[in-house]
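Trainee: Structure in structure tokens, see below.
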Amino acid sequence: MKRSFAFQHLVLFALALLLNAPLASAQIAAPKDLNAYVERVRKEFEVPGLALAIVKDGEVVVAKGYGVRKLGDPAPVDGQTLFGIASNTKAFTAPALGLLVEEGKLEWDAPVVRYLPWFQLADPYVTRELTVRDLLVHRSGLGLGAGDFLIFTICC
């Protein structure tokens, strides 16, 4: 419970900065020293390490790491450290796709293969018929955790 509060606290702070919203509305005070603030929150909630990026008007203003990548390992986190963030990706994947839908670049009920021609499941019918919406609402028929390592097979 303590760790999820820390995550929410940092997300609120980052969103307030990104949106130029008054920090008072986010129920937190603006830190005088970002580095000291992040370190205090990281230690208070026992988070070994984190990477922080602040983007304003499409430009990266801050990209910095704090702490270590793994407990017991001295390798520090930096602005390029990648973390597995599991289901947290849902919070920005659906809105990002929604923006593409609004721009007319994507359709919720279009087959995935229209946008990812290389996408293939074991069943040709499912491959052909599976829609973007099906993936987002977990109607794919894939078992729990199925496809989790897809990113590593296509990019790394």
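Trainee: If I take R0 = 30 Å and measure r between the Cβ atoms of Leu34 and Ala96 in this structure, what FRET efficiency does the formula 1/(1 + (r/R0)^6) give, to the nearest 0.05?
Mentor: That gives a FRET efficiency of 0.70.
Trainee: Next up: Per-residue HN-Hα couplings for region 82-94, Karplus 6.51 cos²θ - 1.76 cosθ + 1.60 at θ = phi - 60°, whole Hz, x for Gly and Pro?
Mentor: Per-residue couplings from phi come out as 9, 10, x, 10, 6, 6, 4, 5, 4, 5, 10, 5, 4 Hz.
Trainee: Starting from the Cα of Lys70, draw a straight line to each of the lysines and keep only those under 16 Å, dropping any in the same chain fewer than 8 residues away.
Mentor: Once the sequence-local lysines are set aside, what remains near Lys70 is Lys43.
Trainee: What chymotrypsin sites (Phe, Trp or Tyr not before Pro) does region 67-148 have in DSSP loop regions with at most 12 other beta carbons within 10 Å?
Mentor: Here the sparse-neighbourhood loop sites are Phe83, Trp118.
Trainee: Oh, and also: Cut-off is 10 Å between beta-carbons; in what order do Asp57, Asp123 appear when sorted fewest neighbours first?
Mentor: Sorted ascending by nearby Cβ count, the order is Asp57, Asp123.
Any read-out appearing in this document is the output of simple, stated calculations on the displayed coordinates, not a laboratory observation. A quick note: this is a predicted structure, and the numbers were derived from the prediction, not measured. Don't worry about glycine lacking a Cβ; one is built from the backbone with ideal geometry, like all the others, and counts go over all protein chains shown.
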